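Asks: The structure under discussion is supplied below as structure tokens; questions concerning it will follow.
Just so it is clear, none of the values below were taken in a lab; they were calculated from the coordinates. Owing to the predicted nature of the structure, the values given are computational and were not obtained by experimental measurement. In this analysis, Cβ positions are derived from the backbone assuming ideal geometry, glycine residues included, and neighbour counts consider all displayed protein chains.
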Amino acid sequence: MTPTSDEALPSHGHRPTRKLPVRRTRPGRSPRGLDQIAVEEPLEIRLRWLDSSGMREERVGTTMRTPGNDFELAQGFLVAEGILGATESPAGSSHCTNGEAEEPLNVVTVTLRDGAQPDIKHLGSLGHGTSACGICGRTRIEDVISKIPILETRSDLDPAWLATLPDLLRKSQKLFERTGGVHAAGAWVISGEELAIREDVGRHNALDKLVGTLSMRNQLPASGRVCAVSGRASFELVQKAAVAGFEALIAVGAPSSLAIETSKEAGMVLCGFASSSGLNCYSGSSRLGL
């Protein structure tokens, strides 16, 4: 595999958007035209490392994503699953360009550093980000808690500022502005500085891309930082945010019961239905003065 630039995706089929025909029934609009549509394609994530028997390579995940920031997505996925620690980084990442894969830019291989012995047995039972994967919620929560980095301090947060994050996130969603068809995840320092925004057709992928971006910048664990997401707060999103070390997860939509339970045990603030009119706090309300 030859390392490739994740920012330059030259193939037409691997751009984040595509113009496709549309038929409209709207007054004042042409009935025929082209719409900018968010691209959705599979990404296979492979892991490569050296053990006593030689070089090993295993597929550890497959997800439907919007092309772009694939290396960040893969690295963020590995952090969220506990294969990479919050302060670890791999030796390198590459697209498959040696002719083995039918769609080489839809395969990313992450190579671990010498001496790494990853534990990937749990990936099959967790189901790669699906809900209700045949194991109980308690097992899932305990697995998440075991991977959360220890934070020396946890900050008090201003609920009025937290409620502004969805609007700030929306203003930075360039791909959504073009397509109307993607989710977003963003990170802010508690002092108010925006760190990064990432978008994808998948809610989980957008957060993986964000976590991977911070990991590549050596900004994990995310102590003193909060995360905002454009959709609801599922267990998987709380898992990814908690393992990355975020102090709070702010969602536009509703949380699930397992998401609330996990955030409480993780000691993380969880808010939903956040908008300019306010928010609902489901975990860590004392840190918001509520």
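Asks: Springs between alpha-carbon pairs under 10 angstrom, Gaussian network model over the chain: which of PRO166, PRO67, PRO27 fluctuates most?
Replies: Top of the fluctuation ranking is PRO27.
Asks: Still on this structure: If you average the C-alpha positions of the range 28-78 and of the range 271-289 separately, how far apart do those two centres end up, in angstrom?
Replies: Between the Cα centres of the range 28-78 and the range 271-289 lies a distance of 32 Å.
Asks: Diagonalise the Cα gyration tensor of the range 145-288 and give the resulting equivalent ellipsoid semi-axes, square root of 5 times each eigenvalue, largest first, whole Å.
Replies: 20, 17, 15
Asks: Can you list the GluC sites (Glu not before Pro) in the range 146-220 that are in a DSSP coil and have 16 or fewer other beta carbons within 10 angstrom?
Replies: GLU152, GLU193
Asks: Explain nothing, just compute: Karplus ³J(HN,Hα) = 6.51 cos²θ - 1.76 cosθ + 1.60, θ = phi - 60°, for every residue of the range 154-166 in order, whole Hz, x for Gly and Pro.
Replies: 10, 8, 6, 10, 8, x, 5, 5, 4, 5, 7, 4, x
Asks: Plugging the Kirkwood radius over Cα pairs into Stokes-Einstein for the chain, at a temperature of 10 °C and a viscosity of 1.306 mPa s, what D comes out in µm²/s?
Replies: Reported coefficient: 81 µm²/s.
Asks: Would you mind telling me which residue in ALA242, ALA160, ALA86 has the biggest mean-square fluctuation in a Gaussian network model of the chain, where springs connect alpha carbons within a distance under 10 angstrom?
Replies: Ranking ALA242, ALA160, ALA86 by mean-square fluctuation puts ALA160 first.
Asks: Considering all projection directions equally, how large on average is the shadow of the alpha-carbon convex hull of the range 37-82, in square nanometres?
Replies: With every direction weighted equally, the projected area is 3.7 nm².
Asks: Near the amide H of ALA233, under 5 Å away, which other amide H atoms are found, from residues 5 or more places off or on another chain, if H is placed in the peptide plane?
Replies: GLY253, ALA254, SER256
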